[in-house]
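Reading through the structure tokens given below for one structure.
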Amino acid sequence: MDYKNVLVLTDFSKDSDEAVKAAVDFAKKYNSRLTILNVIRDTHNLTYVLSDSEYHNLERKLEKHAEQQFDNMEAAIPELVQIGYTRKIRKGTPYISCLYEIENGDYALVFAGSHGKSDLKKYCAVLRYRSSLPGDRKGGCQPNLSGRHATLPIKRSLYAPHTDPA
């Protein structure tokens, strides 16, 4: 099985850091390229209570905070820089933005970790549902849940091949 591209979802929690560490080990073993995605929760509803300048200032602060969190992650996990990776920051609803990234990417596997506030369970449920839609020959993909981090094999009929790494 070719695990050329691997997606890692992070909310920068300790559980997500564990998922990143597991993904780094996996990438070294399988010579995979990592893409790490963080989704900044949509704050558009604040436009009703903030002025335009306050809202845009908040948006810039949130983006800067996410960039700083990536820098902190690199400092805490030096192997991440050694193997190389792509950072992605999106704005929106986390589990929906994650599904869009999977749909538009060429990922064989997804690593995810969450402190419980980023809809990881909802994301897994939606992913299982989407992978078992009519026309899917092999049924839904099953996440491997380990504490608060999950490994999600993605099938090509959905987005990429379904094979559990061993």
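Read-outs throughout are calculated quantities, based only on the coordinates presented, and are distinct from any laboratory measurement. What you see is a predicted model; the values in this text were computed from it and never measured. Glycine also receives a Cβ, built like all others from the backbone with ideal geometry; neighbour counts cover every protein chain displayed.
Computed on segment 1-51, with alpha-carbon pairs under 8 angstrom and 6+ residues apart, the relative contact order is 45 percent.
Across the cross-link table entries LYS29/LYS61; LYS21/LYS91; LYS4/LYS64; LYS21/LYS88; LYS14/LYS61; LYS29/LYS91, which are compared at the Cα atoms, the separations over 28 Å belong to LYS29/LYS61; LYS4/LYS64; LYS29/LYS91.
Taking packing as the residue-averaged number of other Cβ atoms within 10 angstrom, the listed peptides 30-36, 15-21 run from highest to lowest as 15-21, 30-36. Each of the peptides 4-13, 89-98 was scored by the mean count of other Cβ atoms within 10 Å over its residues; in descending order, highest first, they stand as 4-13, 89-98.
Using a cut-off of 15 Å between beta-carbons, work out the net charge of the residues near SER53 (Lys and Arg +1, Asp and Glu -1, SER53 not included). Computed value for this residue: -1.
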